Amino acid sequence: MFVILGRVLSSLGVLVAVSIVLFTLVHAIPVSPARVVLGGDASEEDIAEFERDNGLDRPVIVQYLSWAGGVMKGDLGRSLIDNTVIAVTISQTLPVTLELVLWSFCLALVIAVPLGVLSAYHEDRWIDHLARVVATLGVSIPTFWLGLMLIAWGAVGLGWFPAGGYVPWSAGAKPHLLSMTLPSVSLGLYYVAIISRMTRSSVGDVLMADHVRVSRAMGLSRGRILIYVLRNALSPVVTVAAMSFGYMFGWALIVEQVFTIPGMSRALLNAIFRRDYLVIVNVVLVITAMFLVANLIADLLYRWLDPRTAR
């Protein structure tokens, strides 16, 4: 229990450290957001007045403490560009990106883990060679190029899927799932390669262990042996899967642009172009928090799979 509490506190510490570094970096940008709001012809007096009204003329540490105090109260602030409530922006875009990542992650696991297990059990056979080909393609094909090819094949060529955009659940389950299929495949293929190779390596190592050889010699069924093998082999796979889940939020930035999905990653890119400091900080911190939560869950699963690590 204390170990878990320590992990939670360390994750919060990482989140605070990231917020400090990020807040400092975005405020180091030499061009003021006032230029975006007021235009390039704005006078220095107008820019100074805008910065004074929005607190941008104060020291960075004062701005950070003011923002952090608001976050503690549940107030993420307002956009410097259009004065929209940042919490509303995140609540509208986070579910879209999170769903895309979850579909991609589930797709990667459903394909990668069985493929890795079969590859380890049938070493140097056709299924093992097929797994190598899938892994090579997965890590070699750029995500944006794969997305464009999927649009050309599935949307333009076959007409089975929409070429882009996001269809909400309210429009029907089938249109919604069709709109998420190509983006999920585009985002998940790379992690199919990563997770399948880790699964193959880990399962292969356990299959060579002495206790597995003894189990076979004692006549245990293949299914029961497989359960024991997976219990011992999935610990490193869980770690890699958790890191992959966090990294997917970064790659979703590209996928959402290719498929014009109005998710949080796209909102982040727009904020960067508009130099919207507070939106950048809050969106990146939410993505960081997702990464930390995924790794915390992985730690709990790791301790369940291998109780020795809980000591």
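Values quoted throughout were computed directly from the atomic coordinates according to the rules given, and no laboratory measurement underlies them. Every value quoted in this text rests on a predicted model; they were computed, and no experiment measured them. A quick note on method: Cβ atoms are made from the backbone with ideal geometry, for glycine too, and the neighbour counts reach across all protein chains shown.
For the pair Met218 and Ile272, the difference between a 0.36 nm per residue extended length and the Cα-Cα distance amounts to 13.2 nm. Placing unit charges on the Cβ atoms of the charged side chains and taking the dipole of the chain about its Cα centre, the candidate lying farthest along the positive direction among Ile47, Ala294, Ile61 is Ala294.
Count Lys and Arg as plus one, Asp and Glu as minus one, and take only other residues whose Cβ is under 15 Å from that of Ala131; the net charge is then +1.
Could you work out how far apart the two model spin labels at Trp153 and Glu51 are, taking each label as a point 7 Å from the Cα in the direction of the beta carbon, and quote it in nm? Simple spin-label model gives 5.2 nm for this pair. Net charge dipole, region 94-310: roughly 280 debye, given to the nearest 20, about the Cα centre with Cβ charges of +1 for Lys and Arg and -1 for Asp and Glu.
Size check on region 79-234: the Cα extents along the three principal axes, sorted descending, read 69, 38, 30 Å. Within the listed set Phe50, Phe259, Phe23, the residue fluctuating most in the Gaussian network model of the chain (springs between alpha-carbon atoms under 10 angstrom) is Phe50.
Ranked for footprinting exposure by Cβ neighbours inside 10 Å, fewest first, Glu123, Glu49, Glu256 give Glu123, Glu49, Glu256. Computed from backbone phi with θ = phi - 60° and the Karplus coefficients 6.51, -1.76 and 1.60, the 3J(HN,Hα) list for region 172-184 is x, 5, 5, x, 5, 5, 5, 5, 9, 5, 4, x, 5 Hz; x is used for glycine and proline. Per residue of the chain, the DSSP helices (runs of n ≥ 4 H) give a summed -39500 (n - 2.57) that works out to -25500 deg cm²/dmol at 222 nm. Note on Ala28/Ile297: beta-carbon distance plugged into 1/(1 + (r/R0)^6) with R0 of 35 Å gives a FRET efficiency of 0.55. Compactness check for the chain: Cα Rg over 2.2 N^0.38 Å is 1.22. The Leu177 and Asp75 beta-carbon pair, evaluated with R₀ = 45 Å, returns a calculated FRET efficiency of approximately 0.80.
Using packing as a proxy for protection, rank 224-236, 179-191, 262-274, 155-167 so that the peptide with the highest average count of other Cβ atoms within 10 Å comes first.
Per-residue Cβ counts within 10 Å, averaged per peptide and sorted highest first, yield 179-191, 262-274, 224-236, 155-167.
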